[in-house]
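Data first, discussion second: the structure below is written as structure tokens.
The values are calculated or read from the model by the stated rules, or taken from the named source; none is laboratory data. Bear in mind that the values here come from a model prediction, so they are computed numbers and not experimental data. No Cβ is skipped: glycine too gets one built from the backbone with ideal geometry, and neighbour counts run over all protein chains shown.
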Amino acid sequence: MPESVGIFYDVISIIESKLFPKAIGCHSIFSVGEQKTGHRLSDRLEFHFLELGKVDPNKPIGGMSQIERLAMYLRYADDENYKDSIQEICGSEEGIIMAENLYRTVTKEEREAAWRNIA
């Protein structure tokens, strides 16, 4: 197999509920390895899972990691009950501010259609 220098293959799955045990946390990273030895097939192939169902909306925003804030935003951006928390997150994360600006230009129907296509 030819070696491609500098190319990484990441698969990112955003899951609305919970997939893995709670101990894993909301963001998990898996790699491909040989079963007996654990030798990694490649250091350039990873599978990321972001489980939105594991986000604790009652946890203070300041105590959340960056990935927890992203998950909180993705899960509750359209929920009026969490409007203040979402505004606080948007005030602290440049990448989320950009996502927020884009998110607000897309209609609710377009977002729902996109989620149906993903599921």
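Screening Leu74 with (1) outside any helix (DSSP H, G or I); (2) closer than 22 Å to Lys22 by Cα gives one miss only, at (1). Among the residues of segment 48-59, are any small (Gly, Ala, Ser), touching a Pro at 6+ places or on another chain (Cβ under 9 Å) and at pLDDT 90 or above? So far as segment 48-59 goes, no, none of its residues is small (Gly, Ala, Ser), touching a Pro at 6+ places or on another chain (Cβ under 9 Å) and at pLDDT 90 or above. Please enumerate the residues belonging to segment 86-95 that are within 24 Å of Ser13 (Cα to Cα) and in a helix (DSSP H, G or I). Selection gives Ile86, Ile89, Cys90, Glu94, Gly95.
Within segment 70-90, does at least one residue satisfy the condition of being farther than 23 Å from Glu112 by Cβ and in contact with a helix residue (DSSP H, G or I) (Cβ under 8 Å, 6 or more places away or on another chain)? Can you show your working first?
Within segment 70-90, the first condition is being farther than 23 Å from Glu112 by Cβ, and the residues that meet it are 84, 88.
When the remaining residues are screened for being in contact with a helix residue (DSSP H, G or I) (Cβ under 8 Å, 6 or more places away or on another chain), the result is 88.
Yes, there is a match, as at least one residue in segment 70-90 is farther than 23 Å from Glu112 by Cβ and in contact with a helix residue (DSSP H, G or I) (Cβ under 8 Å, 6 or more places away or on another chain).
Of the candidates Glu3, Glu34, Glu94, the single residue that is at pLDDT 85 or above and acidic (Asp, Glu) is Glu34. When Lys18, Lys59 are checked against the criterion of being part of a loop (DSSP other than H, G, I, E, B), in the same structural domain as Ala114 (by TED's automatic domain parsing) and either under 28 Å from Arg111 (Cβ atoms) or not charged (D, E, K, R) (or both), Lys59 stands alone in meeting it.
If you go through segment 37-47 and keep only what is surrounded by 10 or more Cβ atoms within 10 Å (Cβ to Cβ) and either modelled with pLDDT of 90 or more or not in a loop (DSSP other than H, G, I, E, B) (or both), you end up with Arg40, Leu45, Glu46, Phe47.
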